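Each reported figure results from applying straightforward, stated rules to the coordinates on display, with no laboratory input. From a predicted model like this one, the values you see are computed outputs, not experimental measurements. Virtual Cβ from ideal backbone geometry, glycine too; neighbours counted across all protein chains shown.
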Amino acid sequence: INSLCNMYIWKKISMKIIDGKKISNDVLDEIKNHVEDRVNNRKKVPHLAAILVGDDGPSQTYVNSKIRACERVGFNSSLFKFNDNINEDELLNEITKINENKEIDGFIVQLPLPSNIDQEKILTQVSPEKDVDGFHPFNYGKMTLGIDTFIPATPSGIVELIKRYKIDLSGKRCLVIGRSQIVGRPISILLSQNQSFANATVTVAHSRSKELETLCINSDLIVSAIGIPKFLKSRMVSDNSIIIDVGISRVDDETSSKGYKIVGDVDFEDFSQRDVMITPVPGGVGPMTISMLLKNTLKACELKDWLLNLIH
Ligand code: GUN
């Protein structure tokens, strides 16, 4: 019986997890070491500030996570909270004050903003040297041209995962689902660039795209950033593909004390017996967004040192 069994040993196939939580912790540890070096050399402690307008639940959670991560690496941080009745001019004024505040090295305006406020106007007011989200047109343009600058944190986190897992995308078919300013558009630009981690053949799909399932099955890597819970099913992808799940949706869950749980764009359980690499939600791209924002803040602080040195 033993030998018969041996003839039929099936290798159980299961998905491989891309562990964003672990990589994010590694990045945070590296940042913490840099901060300790700076303190030992009597250099300034990096300081990140966040502007939060209104009382959107998820936005509050994200901002709190960012502030907590600052504490973990030894950064200073400030949170500027405003009611959603703040008008555009008042908010522009607050941004000007933070631009001029010498203690703050980098800051973000948490999105989305209330609909009466012009997002483009607000993001353009952020001083490009402090724009650690990389959303100012000046920095976004530099990113598009492949010039060194602040790369938006979520796409930057995806790139970091690709680098640290040594995933070779050269010539591979990458499908980005979603064309948002924050994720879809920038990641599509980064993955198609002539860089050792990139060089992919990128397709950007969006709400008007036809034959999305055909596009999915013909892809080596899928970045899904549409916010539709459990949209991507196992039957839609090929073996050996890599799936980056950027979705963070709250769905009702009576078994949880909060009354909801966080679900990605990918139907995770549906993939459990597939030969694919996948980022879980939570614990995938989310933590990377936070660590890359802090990395940008360290960069802003170092850039300031460098500029001050140049003057003196
Ligand atoms: N809202 C969702 N993602 C982000 C982000 O990366 N930065 C900011 N500022 N707001 C967001």
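Put +1 on the Cβ of every Lys and Arg and -1 on every Asp and Glu Cβ in the chain; which of SER24, ILE108, HIS312 then has its Cα farthest towards the positive end of the dipole?
SER24
So for segment 75-158, Kirkwood radius off the Cα pairs, Stokes-Einstein at 4 °C and 1.567 mPa s: how many µm² s⁻¹? Numbers along the way, then the final one.
Working: Rh = 13.6 Å.
Rounded to a whole number, D works out at 95 µm²/s.
What is the Å³ per residue value for the convex hull set by the Cα atoms of segment 22-80? Can you show the working numbers first?
Details: hull volume 3.8 nm³, N = 59.
Each residue corresponds to 65 Å³ of Cα convex hull volume.
With the Cα gyration tensor of segment 143-185 giving a ≥ b ≥ c as the square roots of its eigenvalues, does the rule (a/c under 1.5 for rounded; else a/b larger than b/c for prolate; else oblate) give rounded, prolate or oblate?
Numbers: a/c = 1.56, a/b = 1.21, b/c = 1.29.
Oblate.
Can you tell me the orientation of helix 88-100 relative to the chain, as the angle in degrees between its alpha-carbon axis and the longest Cα principal axis, to the nearest 10?
Result, in degrees: 80.
Expected output is a single nm value to one decimal: the length gained when fully extending between SER115 and ASP89, i.e. 0.36 nm times separation in residues minus the C-alpha distance. What is it? The partial results should precede the final answer.
Values: separation 26, 0.36 × 26 = 9.36 nm, distance 1.44 nm.
That pair, SER115 and ASP89, stretches by 7.9 nm at full extension.
Excluding PRO287 itself, calculate the net charge of residues whose Cβ lies under 12 Å from the Cβ of PRO287, where each Lys or Arg counts +1 and each Asp or Glu counts -1. Write down the numbers at each step before the final one.
Numbers: positive: LYS21, LYS22, LYS66, ARG68, ARG72; negative: ASP19, ASP26, GLU160.
Charge balance near PRO287 sits at +2.
Over segment 29-143, what relative contact order in percent results from Cα pairs under 8 Å that are six or more residues apart?
On the way: 144 pairs, mean separation 31.5, N = 115.
Worked out over segment 29-143, it gives 27 percent.
What angle, in degrees between 0 and 90 and rounded to the nearest 10, separates the Cα long axis of helix 20-40 from the longest principal axis of the Cα atoms of the chain?
The angle comes out near 30 degrees.
If N is the number of residues in segment 110-205, what value comes out of its Cα radius of gyration divided by 2.2 N^0.38 Å?
Values: Rg = 14.1 Å, N = 96, 2.2 N^0.38 = 12.5 Å.
So segment 110-205 has a normalised radius of gyration of 1.13.
Enumerate lysine pairs in segment 26-182 that are 8 or more residues apart or on different chains, then count those whose Cα atoms are under 21 Å apart.
Counting lysine pairs in segment 26-182 gives 25.
Using +1 at the Cβ of each Lys and Arg and -1 at the Cβ of each Asp and Glu in the chain, identify which of CYS216, MET292, VAL132 lies farthest towards the dipole's positive end.
Of the candidates, CYS216 comes out farthest on the positive side.
Test of understanding: ordering THR154, THR255, THR61 by Cβ neighbours within 10 Å, fewest first, what list do you get? Let's see the in-between values first.
On the way: THR154 25, THR255 6, THR61 13.
Lowest to highest Cβ neighbour count: THR255, THR61, THR154.
Helix 153-164 versus the longest principal axis of the chain: what is the Cα-based angle in degrees, 0 to 90, to the nearest 10?
Approximately 50 degrees, to the nearest 10.
Translational diffusion coefficient, Stokes-Einstein: compute it for the chain using the Kirkwood radius over C-alpha pairs as Rh, at 4 °C and 1.567 mPa s, and state it as an integer in µm² s⁻¹.
Working: Rh = 20.9 Å.
Reported coefficient: 62 µm²/s.
To the nearest 20 debye, what charge dipole does the chain have about its Cα centre, counting +1 at the Cβ of each Lys and Arg and -1 at the Cβ of each Asp and Glu? Before the final figure, lay out the partial values.
Numbers: 38 positive and 40 negative charges, 180 e Å.
My answer is approximately 860 debye.
Name the most mobile residue of LEU145, LEU293, LEU191, meaning the one with the largest mean-square fluctuation, in a Gaussian network model of the chain with Cα contacts below 10 Å.
LEU145
In whole angstrom, note down how far apart the Cα centers of segment 142-202 and segment 83-134 are.
26 Å
Which value results when the Cα radius of gyration for segment 13-146 is divided by 2.2 N^0.38 Å? Mind dumping the intermediate values first?
Values: Rg = 16.8 Å, N = 134, 2.2 N^0.38 = 14.1 Å.
After normalising by residue count via 2.2 N^0.38 Å, the value is 1.19.
With the Cα gyration tensor of segment 49-113 giving a ≥ b ≥ c as the square roots of its eigenvalues, does the rule (a/c under 1.5 for rounded; else a/b larger than b/c for prolate; else oblate) give rounded, prolate or oblate?
Details: a/c = 2.94, a/b = 1.18, b/c = 2.50.
Taking the square roots of the gyration eigenvalues as a ≥ b ≥ c, segment 49-113 is oblate.
Express as a percent, rounded to the nearest 5, the fraction of DSSP beta bridges in the chain (both residues included) that run antiparallel.
Working: 4 of 34 bridges.
DSSP beta bridges in the chain are roughly 10 percent antiparallel.
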